[in-house]
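The values are calculated or read from the model by the stated rules, or taken from the named source; none is laboratory data. Worth saying up front: this structure is predicted, and the values here are computed from it rather than measured. As a convention, Cβ positions derive from the backbone with ideal geometry for all residues, glycine included, and neighbour counts pool all protein chains shown. For the accessible areas, the whole protein counts, side chains as well, though only heavy atoms, and no ligand, DNA or RNA atoms are used. Shrake-Rupley method; radii C 1.70, N 1.55, O 1.52, S 1.80 Å.
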Amino acid sequence: GTLGFDNAAPACPQSSKIATGEIRTPVLPEPLKASFYLAKQQDNPYNSLFAGYLVAKGAGATIKAPARIDVDPNTGQVTTTFTQNPQQPFEDLELHFKGGNRGLLTTPDQCGTYASTYELFPWSGNPPVKDTSEFTLDQNCQPKPFAPGFHAGSETALAGSFTTFTTQVTNETGAPALKSISVDLPEGLSASLAGVAVCSDAALGALPIGPGTGAAQIASPSCPASSQIGTVAAGAGSGSPFYVRTGKAYLAGPYKSAPLSLAVLTPAVAGPFDLGNVLVRVPVTLDRKTARVHAASDQIPTMLSGIPLDLSDVRVLLDRQGFVLNPTSCEPESANGVIGGAGGASANVSDRFQVGECAALGFKPKLALKLKGGTQRGDHPALSAILRPRPGDANLASATVALPKSEFLDQSHIGTVCTRVQFQADQCPKASIYGAVTARTPLLDEALTGNVYLRSSDNKLPDLVMDLRGPASRPLKLEAVGRIDSVNGGIRTSFEFIPDAPVTKVILKMKGGKKGLLQNSRDICAQAFKATAAFSAHNGRSLDAQPEMQARCKKARKAQGKGKHHGKSHG
């Protein structure tokens, strides 16, 4: 009576019945048919996640007894307590729970002998009877190896086009549980962060967790829709997997020394149960030289509110329109990963990746060079170089610029050079800065900016290194290394590798005067001088150009050759 039970026949839905059996009692001539129903979460006599009702009927009698079900959050051990049993004798209570792929209970994952303990409390108030009941598991004892499946690929395999990108990890039932996923995306695959909002640390920190919070998250997400970049589906359960398709991937800010991160947020709502929200943060870094994306998840929970997740299939679809961008190289690449499992298990995985139709992409970058300052022989002018690749073209793979004989490198002006160790630690001396660089890309709202250093090199002369940085809100770090040498008596700089990512404009400004590395070998206003430039694209095209070295002269200069800028393209 205290729990609000009455004599009416129960109206529990048939789908909530999880066990059947019978009760034999000396006070009735025939056994009572028994059913055990799973109670609704939080809407039960104990206001708990799990509870049940034992209902027995027969010979004109109806018995209803509630059961409290406690699940250890760390081990998953189930304890069931019948708290309001009728004061009637019984000889035997037998319940059979459903088994098979849709069974409610799962056996331990190792063979051996296990004990169930029980306590029976009499109405007399005498001490309870305590004992154990043992069972042995002796089949399928050989643990399954940790050999997760892995797929990572673009839905659209067209070079230089936007696409949906899917990463999928599968795991066999009985193998060590999935604990972490670390992936190096194919080189040249990039993402457009322009216009994408960020889900703040404050919003993620205030995320409600625990049973019953998932449905509210589905109805009113903590992260703004403008920060969503993908969807997440997960197959869980030790039998036939139950697919939870409520997950979303959001762009988040710097995390664990990474310049940006993903927040993979999955409300764990499965059928009538709401186990709360699962948040897995994924720090994302870019290789400083190649811009290759590395994403490594925090630990993935293996248990939720005492329920083993047994994840057998995890899929992350980066499906925001205009977000993932294919490379412009059609060379075979791969996505590589390391999948972590419970108990220290680990597996290296890889999936081949390649796009097509690279030849359809054009390639026609433009370079403008300008000298500013003294024009007489022996002067040290400042140099500005503006590179403008054409939107929609194949991305730049390399660039070599040889200045005319009118300019040579004044080695006496090479003062301090940054060592590679100092550069890696972001501790280059100020005197090793010889210029500044700004690079604009359609992938970012903000420009990348930074200093240009002379850095120690394996070559005869130091390297010219552009140290590109994003803003404080997105502290990306990229570098472009130019090898300096001389050709035909002039100075040449070669950027032998440039990442396969779109750039709309690069502005390089080298200092003049006392910090000027260039020195005029003659009066640069006497005639026009031309540089020799060679560019190559990631799709195999190339372009040669001879941009004129522009200078501030009082009179018009005599032309050297024909035309100010001409280029020859090679397919």
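Which one is right for this structure if P(r) over Cα pairs in 10 Å bins from 0, in percent is calculated from it: (i) 3, 14, 19, 17, 13, 10, 8, 6, 5, 3, 1, 0, 0; (ii) 3, 16, 26, 27, 18, 8, 2, 0; (iii) 3, 15, 23, 24, 18, 9, 5, 2, 0, 0?
(i)
Sequence-distant or interchain residues sharing an amide H contact under 5 Å with ALA252, placed H: which?
Long-range HN contacts for ALA252: CYS199, SER261, LEU262, ALA263.
Any idea what the dipole of the range 74-141 comes to, in debye rounded to 20, about its Cα centre with Lys/Arg Cβ at +1 and Asp/Glu Cβ at -1?
The calculated dipole for the range 74-141 is roughly 280 debye.
Residue-wise, which Karplus ³J(HN,Hα) couplings in Hz belong to the range 490-504, taking 6.51 cos²θ - 1.76 cosθ + 1.60, θ = phi - 60°, and x for glycine or proline?
x, 8, 10, 10, 10, 8, 7, 9, 10, x, 7, 9, x, 10, 9
For the range 390-403, just list the computed ³J(HN,Hα) in residue order, Karplus coefficients 6.51, -1.76 and 1.60, θ = phi - 60°, integers in Hz, with x standing in for Gly and Pro.
Ordered by residue, 3J(HN,Hα) equals 8, x, x, 7, 4, 6, 5, 10, 7, 8, 10, 10, 9, 6 Hz.
Given Cβ point charges of +1 (Lys, Arg) and -1 (Asp, Glu) and nothing else, what value in debye, to the nearest 20, does the dipole of the chain about its Cα centre take?
4560 debye
Calculate one ³J(HN,Hα) per residue across the range 124-140 by plugging θ = phi - 60° into the Karplus curve 6.51 cos²θ - 1.76 cosθ + 1.60, and present them in order as whole Hz with x for glycine and proline.
For the range 124-140, the Karplus curve yields 5, x, 5, x, x, 8, 10, 6, 10, 10, 9, 9, 10, 9, 9, 10, 6 Hz.
First check a/c for the range 361-509, with a ≥ b ≥ c the square roots of the eigenvalues of its C-alpha gyration tensor; if it is under 1.5, answer rounded, and if not, answer prolate when a/b is larger than b/c or oblate otherwise.
Cα axes put the range 361-509 in the oblate bin.
Under a cut-off of 15 Å between alpha-carbon atoms, report the aspartates and glutamates in cross-link reach of LYS511, not counting same-chain residues fewer than 8 places apart.
The reachable aspartates and glutamates, counting only those whose Cα sits under 15 Å from LYS511, are ASP379, GLU407, ASP410.
Could you provide, to the nearest whole Å², the per residue accessible area of the chain with probe 1.4 Å?
The answer is 51 Å² per residue.
For ASP500, what residues show an amide H to amide H distance below 5 Å, using hydrogens built from the backbone and excluding near sequence neighbours?
It is GLY188, by chain and number.
Using helices alone, I'd like the mean residue ellipticity at 222 nm for the chain: each DSSP H run of four-plus residues gives -39500 (n - 2.57), total over residue count, nearest 500.
The helix-only estimate for the chain comes to -500 deg cm²/dmol at 222 nm.
State the answer as a single residue: which of PHE90, LEU311, TYR255 lies farthest towards the positive end of the charge dipole of the chain, with beta carbon charges of +1 for Lys and Arg and -1 for Asp and Glu, about the Cα centre.
Positive-end residue among those listed: TYR255.
What percent do you get for the relative contact order of the range 138-263 when only Cα pairs under 8 Å and 6+ apart count?
Result for the range 138-263 is 17 percent.
Relative contact order, percent, of the chain when contacts are C-alpha pairs under 8 Å separated by at least 6 residues?
Rounded, it is 13 percent for the chain.
Rounded to whole Å, give me the distance from the Cα center of the range 507-522 to that of the range 46-110.
The range 507-522 and the range 46-110 have Cα centres separated by 84 Å.
In terms of modelled amide H atoms, which long-range or inter-chain residues lie less than 5 Å from the amide H of LYS179?
The list, which skips near neighbours in sequence, is GLY340, GLY341, ALA342.
Which of LEU518, THR213, GLN354 sits farthest toward the positive end of the charge dipole of the chain, with +1 on the Cβ of Lys and Arg and -1 on the Cβ of Asp and Glu?
My answer, from the dipole projection, is LEU518.
Return the whole-Å distance between the Cα centroid of the range 304-366 and the Cα centroid of the range 455-480.
27 Å
Cut-off under 19 Å on the C-alpha distance; same-chain residues fewer than 8 positions from LYS64 excluded. Which lysines are left, in chain and number order?
Reachable lysines: LYS17, LYS33, LYS40.
For each pair in LYS179/LYS248; LYS364/LYS554; LYS460/LYS509; LYS515/LYS554; LYS405/LYS514, compute the distance between the two Cα atoms and list the pairs where it is over 29 Å.
As for pairs spanning more than 29 Å Cα to Cα, those are LYS364/LYS554.
Going highest first, how would you order 119-125, 398-404, 182-188 by mean Cβ packing within 10 Å?
Descending mean neighbour count gives 182-188, 398-404, 119-125.
Within the accessible area of the chain, what % is carbon and sulfur when the probe is 1.4 Å and the other protein chains stay in place?
Its accessible area is 52 percent carbon and sulfur atoms.
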